[in-house]
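Asks: This is the structure I have questions about; it appears just below.
The values are calculated or read from the model by the stated rules, or taken from the named source; none is laboratory data. As the structure is a prediction and not an experimental result, all values here were calculated from the model. Here Cβ is always computed from backbone atoms with ideal geometry, including for glycine, and neighbour counts include all displayed protein chains. Only protein heavy atoms, including side chains, enter the accessible area calculation; ligands, DNA and RNA are left aside. Shrake-Rupley method; radii C 1.70, N 1.55, O 1.52, S 1.80 Å.
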Amino acid sequence: MVLVMGLTGLRPANVFALHRDEVWGDTLQIVPEKMKNGRWAVLPISALAQRLLKDTDRDGYLFLSPKTGLPRTHIRRTWARITAHASV
């Protein structure tokens, strides 16, 4: 998720809500309801981002919480681990 955020420039909320139907080859096409400005977003994505999103073999939402099976809403623990390792 963090790599996808960095490679696409999407806000965390948009990545958490990213759905398989929104990945179209080398672009992401995100519906207006999910965007802060209320408009369609058609974003080109890099080859690495394409591979990361393609390697996710599930239908529906791409980033689910392993505990609930629902789309993630935050990455506090993950972010804490990343920043702890980065400050070493």
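Asks: On the accessible surface of the chain, probed at 1.4 Å, how many percent belong to carbon and sulfur atoms? Working shown, then result.
Replies: On the way: 3520 of 6140 Å².
Carbon plus sulfur share of accessible area: 57 percent.
Asks: Can you figure out the FRET efficiency of Asp55 with Ala80, using R₀ = 41 Å and their beta-carbon distance, to the nearest 0.05? List each step's numbers first, then the result.
Replies: Working: r = 25 Å, r/R0 = 0.61.
The computed FRET efficiency comes out at 0.95.
Asks: May I ask you to give the solvent-accessible area per residue for segment 1-64, in square angstrom, as obtained with a 1.4 angstrom probe?
Replies: On the way: 3920 Å² over 64 residues.
I get 61 Å² per residue for segment 1-64.
Asks: Relative to the first principal axis of the alpha-carbon coordinates of the chain, what is the inclination of helix 76-86, with its axis defined by its Cα atoms, in degrees from 0 to 90 and to the nearest 10?
Replies: In the chain, helix 76-86 runs at an angle near 60 degrees to the longest axis.
Asks: Name the residues whose placed amide hydrogens come within less than 5 Å of the amide hydrogen of Thr27, ignoring near sequence neighbours (fewer than 5 apart) on the same chain.
Replies: Result for Thr27 returns Ile45.
Asks: Ser46: accessible area at probe 1.4 Å, nearest 10 Å²?
Replies: Number for this one is 50 Å².
Asks: What shape does segment 1-49 take by its C-alpha gyration tensor, where a ≥ b ≥ c are the square roots of the eigenvalues and a/c under 1.5 counts as rounded, a/b above b/c as prolate, and the rest as oblate? Spell out each step's value before the answer.
Replies: Numbers: a/c = 1.73, a/b = 1.27, b/c = 1.36.
Oblate is the answer for segment 1-49, as a/c is 1.5 or above yet b/c matches or exceeds a/b.
Asks: Using r as the Cβ-Cβ distance of Asn37 and Thr68, and R0 as 30 Å, what FRET efficiency do you calculate, to the nearest 0.05? Display every interim value, and only then the final one.
Replies: Numbers: r = 29 Å, r/R0 = 0.97.
The pair Asn37/Thr68 has a calculated efficiency of 0.55.
Asks: Another one. Find, to one decimal place in angstroms, the Kirkwood hydrodynamic radius of segment 36-88, where the mean of 1/r is taken over every pair of different Cα atoms and then inverted.
Replies: Values: mean 1/r = 0.0710 Å⁻¹.
Evaluated on segment 36-88, it is 14.1 Å.
Asks: Hey, another quick one. Would you calculate, for the chain, the mean residue ellipticity at 222 nm contributed by helices, counting each DSSP H stretch of 4 or more residues as -39,500 (n - 2.57) and dividing by all residues, to the nearest 500? Write out the running numbers ahead of the final one.
Replies: Working: 4 runs with 31 residues, N = 88.
So the calculated ellipticity at 222 nm is -9500 deg cm²/dmol.
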